[in-house]
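The values are calculated or read from the model by the stated rules, or taken from the named source; none is laboratory data. Note that the structure is predicted; figures quoted are calculated from it, not measured. Reconstructed Cβ throughout: ideal geometry from the backbone, glycine too, with neighbour counts over all protein chains shown. Areas reflect the complete protein model, heavy atoms only, side chains present, ligands, DNA and RNA absent. Shrake-Rupley method; radii C 1.70, N 1.55, O 1.52, S 1.80 Å.
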Amino acid sequence: MEALNVANYIIDNWSDKFEITNLKLNKLVYYSQVESLRKYNHPLFDDKVEAWQHGPVEPAVYRAFSSNGRSRILKSTGLAILDETSKKLVDSVMDRLGMLSAFDLVILSHKPDGAWASVYSPNMDNPITPEAILASNDGLDNNDVVTIDQAVQWTIAAMPNALRLLENS
């Protein structure tokens, strides 16, 4: 399978629920690959992922949607040919990470114990191999992902009087 199939599936099935930009799409495609390697010990797609400045990128996906710039992607580039198992895997990644912003995903992919950090060199576009992914902690620590909304809710719960004081000041 090609990574572009995964990208098209994400856009066709999730772009009405979450804002998806090229930067975010590449991270979601990457984390779908990570999930497949972790769960099935087999890559979801055969295309190589590279370590670019802002995290993992699949070059064909990047090029296919580069005309969108930083804008939201609303239309796929073609067919999204995935079997049912692959669809469920991608849906599971989207349920877990789809609500995060592109920059939340960049931060997540830049963790020091991640595959990107283990291979990244400025201006080199080094490949992030399945071996590098499996040797990393990518996909193992998603429980520590905190959205802005969760942080606000925790703050409100922990310090309700402090927020009331701020309102009244």
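Close contacts from segment 90-104, counting a first residue that is touching a residue at least 24 places away in the same chain (Cβ under 8 Å) and open to solvent by 50 Å² or more (accessible area, probe 1.4 Å) and a second that is hydrophobic (A, V, I, L, M, F, W, C) and not in a helix (DSSP H, G or I), with Cβ to Cβ under 7 Å and a gap of 6+ residues or different chains, come to M99/F18. Taken over segment 49-71, the criterion of being of a type in the set (K, R) and at pLDDT 95 or above is satisfied by R63 alone. Taken over segment 1-19, the criterion of being β-branched (V, I, T) and either open to solvent by 10 Å² or more (accessible area, probe 1.4 Å) or under 23 Å from A115 (Cα atoms) (or both) is satisfied by V6, I10.
For segment 147-169, the condition holds for no residue, the condition being that it is modelled with pLDDT of 90 or more and of a type outside the set (D, E).
Within segment 109-130, residues that are under 15 Å from L37 (Cα atoms) have Cβ atoms under 8 Å from residues that are open to solvent by 50 Å² or more (accessible area, probe 1.4 Å) and aliphatic (A, V, I, L, M) in these pairs: A115/A135, counting only partners at least 6 apart in sequence or on another chain.
Yes or no: A51 under 15 Å from the mean Cα position of the chain (by Cα) and on the phi < 0 side of the Ramachandran plot? It is true that A51 is under 15 Å from the mean Cα position of the chain (by Cα) and on the phi < 0 side of the Ramachandran plot.
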